[in-house]
Amino acid sequence: MHAILTVTNDDDSRERFSPGEEMLPGLLAWEPLGGGTRCETWLAWSTELWAPVAVKLPLENLLGRPESASGLAREAATLAALRHPAIERLLEDRHHDTVPHLVKEYVEGPTLAQMLEDEGALAPADAIRLAMQIASGLHHMHGRGVVHLDLKPHNVVLRDGRAVILDLDLAKPIGTAVPRWQRRPEGSVPWMAPEQCRMRPANPQMDIFALGALLYEVCTGVRPFTASARTYPQLTARPRPPRELRPRIPPALDRVITTLMTPDPGGRPRCATEVLALLRSALPAGEDGLWPEWAGALLAAGAS
């Protein structure tokens, strides 16, 4: 199943490329995968690899603008520093071409958002294992000094049932300050940490809050916050406890979600290693985790 999303391009509702058309040298357009305000991503066939790939390039009306290439260059540099099964891979950096673009691995499967829409909330043990997979990717990402800043169900694809984090377009090095000229925070409001809404410097605990908000949705089928692009309810309110919406959620899992979504970042786990330990402790009795028991001791040592 292909994870197909709607391409956002207000200037023209028709598709930019026809199936089989050469969109770039050696890359034949297949179908759109997604898009936003600056770039769009296409599923393409690589004649060099003889395999499907994901191609990210600027929207047609933004070609030639310096910020298009610079944004792709930042994302390429971020992806090039990461090597993890739960994070999409960069295959080729072509941001310097006449039409700047990136060639990335095509992660085949539904997005987590699509799965929730089609199937509803997951069973507690399955939700915990999914969160473990994502937290494992965050552990690697944060260890390399990178914060994702846009973790949400739309940016997680399930490849053979395992989570893969996509779209590092907004990712920043830890400690990066928001530019003075920026008027609004970047990110997706329903999953943003309060300090991200306040435009504080990039911090791994922003991703930890977003993971909690994602896990809340995976367990309940409901987003913790409903907001437009200009309102930030997480600044003044906390969501209903997950068990009020789904009594089948075990108390231990309810506590983990609540802890990850603590408004004060000082009350959240300090790092993804602590998150992994919390998630493992919340697994119902008899349920398998993602690692052998002897590896758990290493995890506990890293979280102390």
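General remarks:
- Subset of the range 264-288 (residues that are closer than 15 Å to residue 298 by Cβ and of a type in the set (S, T, N, Q)): 273
- For the range 170-190, the set of residues classified as open to solvent by less than 70 Å² (accessible area, probe 1.4 Å), part of a loop (DSSP other than H, G, I, E, B), hydrophobic (A, V, I, L, M, F, W, C) and in contact (Cβ under 8 Å) with a residue 24 or more places away in the chain consists of 171, 177, listed by residue number.
- Positions within the range 66-108 being part of a loop (DSSP other than H, G, I, E, B) and of a type in the set (D, E, K, R), in sequence order: 83, 88, 89, 97, 108
- Each residue in the range 7-50 was checked for being open to solvent by less than 60 Å² (accessible area, probe 1.4 Å), outside any strand (DSSP E or B) and at pLDDT below 80, and 4 of them qualify.
- Only one entry in 135, 125 is at pLDDT 95 or above, farther than 18 Å from residue 213 by Cβ and not in a loop (DSSP other than H, G, I, E, B), namely 125.
- Candidates 151, 112, 59, filtered to the one that is among the aliphatic types (A, V, I, L, M), at pLDDT below 95 and buried (at least 21 other Cβ atoms within 10 Å of the Cβ): 59
- In the set (1) outside any helix (DSSP H, G or I); (2) among the hydroxyl-bearing types (Ser, Thr, Tyr); (3) crowded, with 19+ Cβ neighbours inside 10 Å, the condition left unmet by residue 273 is number (1).
- Among the conditions (1) out of contact with any Gly (no Cβ under 7 Å at 6 or more places or on another chain); (2) farther than 22 Å from residue 108 by Cα, the only one that residue 151 does not satisfy is (2).
- Residue 262 being touching a Lys or Arg at 6+ places or on another chain (Cβ under 6 Å) and closer than 23 Å to residue 205 by Cβ: yes
The values are calculated or read from the model by the stated rules, or taken from the named source; none is laboratory data. What you see is a predicted model; the values in this text were computed from it and never measured. So basically every Cβ, Gly included, is an ideal-geometry build from the backbone, and we count neighbours across all protein chains shown. Note: accessible area is taken over every heavy atom of the protein model, side chains too, but ligands, DNA and RNA are not part of it. Shrake-Rupley method; radii C 1.70, N 1.55, O 1.52, S 1.80 Å.
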